[in-house]
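J.: The structure follows.
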């Protein structure tokens, strides 16, 4: 079984993706089950607006796997925001299984990209977002670290 934390800089309960269901250059499909141990669960419920973190993690995995395919070095990526985020169900319950599908819409040479993501439970879409992300080159990251 693939260890998801190998694809993300997160650790422990902050890794919210359980499994990669499908991956190719056109999309990634992942699944996550709402855990009672999640720091996002309150009183046995998960507020759906927090699913944006799962979507962002799916993109982190997608970027990692794309770089792997191209023989490129792995880099950190950053969620800059969302141009559009629609929520069709306000809360999820512990134990519910979420399927997240993310597809690139646009990516430029600087590392800026726009991705379309959707989340569904039992085949019903519960949220959609258009996410803006940035995967800068190594020199840019060094500049951030060194100040």
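Read-outs throughout are calculated quantities, based only on the coordinates presented, and are distinct from any laboratory measurement. Computed from a predicted model, the values in this text were never measured in an experiment. Note that each Cβ is placed from the backbone with ideal geometry, even for glycine, and that neighbours are counted across all protein chains shown.
J.: Pick from 124, 33, 48: which is most flexible by mean-square fluctuation in a GNM of the chain where alpha carbon atoms under 10 Å apart are linked?
T.: Result for the chain, Cα springs under 10 Å: 124 fluctuates most.
J.: Show me the three semi-axes of the equivalent ellipsoid for segment 37-86, from the C-alpha gyration tensor (sqrt of 5 times each eigenvalue), largest first, rounded to whole Å.
T.: Details: eigenvalues 152, 37, 13 Å².
Taking √(5λ) for each eigenvalue gives 28, 14, 8 Å, largest first.
J.: For segment 99-147, list log₁₀ I(q)/I(0) at each q in 0.14, 0.23, 0.24, 0.28 Å⁻¹, using the Debye formula over Cα point scatterers of equal strength and ignoring solvent, two decimals each.
T.: For segment 99-147 at q = 0.14, 0.23, 0.24, 0.28 Å⁻¹, log10 I(q)/I(0) is -0.49, -0.80, -0.83, -0.95.
J.: Rounded to the nearest 0.05, what FRET efficiency do residue 47 and residue 70 have when you use their Cβ-Cβ distance and R0 = 41 Å?
T.: 0.65
J.: Against the longest principal axis of the chain, how steep is helix 51-69, in degrees 0 to 90 to the nearest 10, with axes from Cα atoms?
T.: 40 degrees
J.: If I build a Gaussian network model for the chain, linking alpha-carbon pairs within less than 10 angstrom, which residue out of 108, 137, 93 has the largest mean-square fluctuation?
T.: 108
J.: A further question follows. So how long is each side of the chain along the principal axes, counting just the alpha-carbon atoms, biggest first, in Å?
T.: The Cα atoms of the chain stretch 43, 32, 29 Å along the principal axes, largest first.
J.: Then there is this: Want the number for residue 26 to residue 132: 0.36 nm per residue separation, take away the alpha-carbon distance, what's left?
T.: Details: separation 106, 0.36 × 106 = 38.16 nm, distance 1.69 nm.
My answer for the length gained is 36.5 nm.
J.: Now, a different point. At 7 Å along the Cα-to-beta-carbon direction for both residue 84 and residue 37, put a label point, then send me their distance in nm to one decimal.
T.: 3.8 nm
J.: Further, regarding this structure: May I ask for the distance between the Cα centers of segment 44-77 and segment 79-134, given as a whole number of Å?
T.: That distance is 10 Å.
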